[in-house]
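The values are calculated or read from the model by the stated rules, or taken from the named source; none is laboratory data. Because the structure is predicted, anything quoted here is derived from the model rather than measured. Every residue, glycine as well, gets a Cβ built from its backbone with ideal geometry; the counts of neighbours run over all protein chains shown. Ligands, DNA and RNA are excluded from the accessible area calculation, which covers all protein heavy atoms including side chains. Shrake-Rupley method; radii C 1.70, N 1.55, O 1.52, S 1.80 Å.
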Amino acid sequence: MKLYSTQNKDLRVSFKDAVFNSLPADKGLYMPEVIPQLDPMFIRNIQQYSLEEIAFTVAHALIGQDIPADDLKKIIKDAINFDAPVRFLSKDTAVLELFHGPSYAFKDFGARFMSRVMGYFSQSDDKLLDVLVATSGDTGGAVALGFLGVEGTRVTILYPKGKVSEVQEQQLTTNGQNIRALEVDGTFDDCQALVKKAFNDAELNRELRLTSANSINIARLIPQTFYYFYAYAQLKAQGINQVVFSVPSGNFGNIGAGLLAFKMGLPVEKFVAATNVNDTVPRFLSSGQYQPKPSVQTLANAMDVGDPSNWVRILDLFDQDLEALKKVVTSYTYDDEATKAAMKQLYLEYQYVACPHTAIAWLASQAYLGEHPGQYASVFLSTAHPCKFPDAIDADVFEKVKLPEGAETLSGKEKLAKELPVDYDLFKAYLLENN
Ligand SMILES: *Cc1c(COP(=O)(O)O)cnc(C)c1O
């Protein structure tokens, strides 16, 4: 697969270069030169295949020229080693649970696949690959657990002290091995600024082979297409062919992957972008004006994004044609009060405890069904296990949360984090001295 930049369609880079650079120098985003079409027979018979088989077929169509089939199979078997079940709450509403991976969030799909692809492309390098990542919670956990034990790689995570949940902090700080955690006495933006400065530091880049685990990396987008196909396969096994996906959206990577799957031939009636009050995309869809705003803090904090970085990718998929895009994508926005009420209602009606992001996707799926009754099955994506967001969920509902397997042992593990003030020179010294 060759990729161009959304800012320069004449540019061509290899998949490997796009993986290690994340972003082209012109600050566009990498997009596949050609979007491969899957064999219609594969789609027609998709209910016969496992998640692993579907993942291989989709990945092979995209990057089969870059990674030989046997190696790609191994990467997928190792990376996608957990399920993504569709569970029906009612006749026309189902939830696609994407939190059965090690960090209990959908970001495991992207992080685990990317880590193994980076490891694969680094086999012949003698210098360790140093992954730097700033996190407000979910990304760091997925990256830490995704890269844990991957040969030839080392991860340094910067997280804001006191600003991540307990489970998130445990996932960031108890790994050891090739994972290091820095507890920064500042905000997420401070963490991000430190990491950015390191990438632009010529001296550091001479000493270390730095790369980012950025959410816009193409190797994180590709594996997120897998579960859309797999969800469709599970519905088809139930005799359902008409599906609407409702996706809780922040940076719009998840829904962007769904739209890539759609462009590869997955039959989907509609994608519903569900947002919290950070509504830059919903406003764009109704006004045609893209007006980013500073992000506002909400209960669904992994979606607190005022200027979604993957949005240009989605526009590119539709050749900047707003009318064509609106035929496929619609959106709804909910505030914290509605989110809280939805979590309560989901529990009372279905005994289902959802995280706030998931609850917003459910609300949007019901709004869409309400406007198009009796036509579709609506699948809302559950992006995280509720145990990661104790402060966002009413105590009487949170009590009912069953911890996923392994979570109870997390609290017994030793915290291995180094405290760091917001000071670039100290951060740089840490990296150089601990090389
Ligand atoms: C990252 C995240 C999202 C937002 O996904 P995007 O791809 O950024 O739109 C939603 N929910 C949870 C739990 C997340 O961690």
* To do: Scan region 137-153 for residues that are near the ligand (Cβ under 9 Å from one of its atoms) and among the polar types (S, T, N, Q) and jot them down.
  => THR139
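Just checking, which of VAL272, VAL247 is more than 20 Å from VAL312 (Cβ to Cβ), modelled with pLDDT of 95 or more and part of a strand (DSSP E or B)?
On the way: VAL247 fails: more than 20 Å from VAL312 (Cβ to Cβ).
From the options VAL272, VAL247, the qualifying one is VAL272.
Taking the stated definitions as given, is GLY101 outside the structural domain of THR383 (by the TED database), buried (at least 23 other Cβ atoms within 10 Å of the Cβ), touching a residue at least 24 places away in the same chain (Cβ under 8 Å) and touching a Lys or Arg at 6+ places or on another chain (Cβ under 9 Å)? Please lay out each step first, then the result.
Working: outside the structural domain of THR383 (by the TED database): no; buried (at least 23 other Cβ atoms within 10 Å of the Cβ): yes; touching a residue at least 24 places away in the same chain (Cβ under 8 Å): yes; touching a Lys or Arg at 6+ places or on another chain (Cβ under 9 Å): yes.
So GLY101 fails the test.
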* Got at least one residue in region 253-269 being touching a residue at least 24 places away in the same chain (Cβ under 8 Å), touching a strand residue (DSSP E or B) at 6+ places or on another chain (Cβ under 9 Å) and of a type in the set (Val, Ile, Thr)? -> yes
* Using beta carbons and a limit of 6 Å, which pairs, at least six apart or on different chains, have the first residue in region 71-88 and of a type in the set (Lys, Arg) and the second one surrounded by 14 or more Cβ atoms within 10 Å (Cβ to Cβ)? -> LYS73/PHE56; ARG87/VAL95
* Look through ASP66, ASP71, ASP83 and report the one residue that is under 30 Å from GLY149 (Cα atoms), more than 16 Å from the ligand (Cβ to nearest atom), among the acidic types (Asp, Glu) and touching a His at 6+ places or on another chain (Cβ under 8 Å). => ASP83
* Take region 104-143 and flag every residue that is over 18 Å from THR156 (Cβ atoms) and hydrophobic (A, V, I, L, M, F, W, C). => ALA105, PHE106, PHE109, PHE113, VAL117, PHE121
* Asked: Using beta carbons and a limit of 7 Å, which pairs, at least six apart or on different chains, have the first residue in region 299-316 and within 15 Å of ARG283 (Cα to Cα) and away from the ligand (no atom under 11 Å from the Cβ) and the second one open to solvent by 10 Å² or more (accessible area, probe 1.4 Å) and modelled with pLDDT under 90?
  -> GLY306/PRO294; GLY306/SER295
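Out of the residues in region 201-244 that are more than 16 Å from GLY110 (Cα to Cα), of a type in the set (A, V, I, L, M) and part of a helix (DSSP H, G or I), state the one that is farthest from the ligand (Cβ to nearest atom).
Applying the first criterion (more than 16 Å from GLY110 (Cα to Cα)) to region 201-244 yields 201-210, 231-244.
Subset that is of a type in the set (A, V, I, L, M): 202, 204, 208, 210, 231, 233, 235, 237, 240, 243-244.
Pick out the ones that are also part of a helix (DSSP H, G or I) and you get 202, 204, 231, 233, 235, 237.
On the way: ALA202: 31, LEU204: 28, ALA231: 16, ALA233: 22, LEU235: 22, ALA237: 26 Å.
This residue is ALA202.
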* Asked: If you check every pair at least six apart or on different chains, which have Cβ atoms under 9 Å apart with a residue in region 106-124 that is on the phi < 0 side of the Ramachandran plot first and a residue that is assigned to a helix (DSSP H, G or I) and acidic (Asp, Glu) second?
  -> PHE106/ASP138; LYS107/ASP138; ARG112/ASP78; ARG116/ASP78; TYR120/ASP71
* All positions within region 196-215 that are modelled with pLDDT of 90 or more, within 25 Å of ASN251 (Cβ to Cβ) and open to solvent by less than 10 Å² (accessible area, probe 1.4 Å) -> ALA198, THR211
* Read through the list (1) more than 15 Å from the ligand (Cβ to nearest atom); (2) open to solvent by 10 Å² or more (accessible area, probe 1.4 Å), then give the number of the only condition that SER295 fails. => (1)
* Asked: within 15 Å of ASN217 (Cα to Cα), among the aromatic types (Phe, Trp, Tyr) and at pLDDT 95 or above - does that describe any residue in region 94-108?
  -> no
* To do: Answer yes if at least one residue in region 284-293 is in contact with a strand residue (DSSP E or B) (Cβ under 8 Å, 6 or more places away or on another chain) and either in the same structural domain as ALA324 (by the TED database) or under 28 Å from GLN234 (Cβ atoms) (or both), and no otherwise.
  => yes
* **Verdict on SER115 being open to solvent by 10 Å² or more (accessible area, probe 1.4 Å), touching a strand residue (DSSP E or B) at 6+ places or on another chain (Cβ under 9 Å) and of a type in the set (Ser, Thr, Tyr)** => no
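Answer yes or no as to whether PHE284 is aromatic (Phe, Trp, Tyr), modelled with pLDDT of 95 or more, touching a helix residue (DSSP H, G or I) at 6+ places or on another chain (Cβ under 6 Å) and not in a loop (DSSP other than H, G, I, E, B). Quick ask: steps written out before the conclusion?
Values: aromatic (Phe, Trp, Tyr): yes; modelled with pLDDT of 95 or more: yes; touching a helix residue (DSSP H, G or I) at 6+ places or on another chain (Cβ under 6 Å): no; not in a loop (DSSP other than H, G, I, E, B): yes.
Criteria not met by PHE284.
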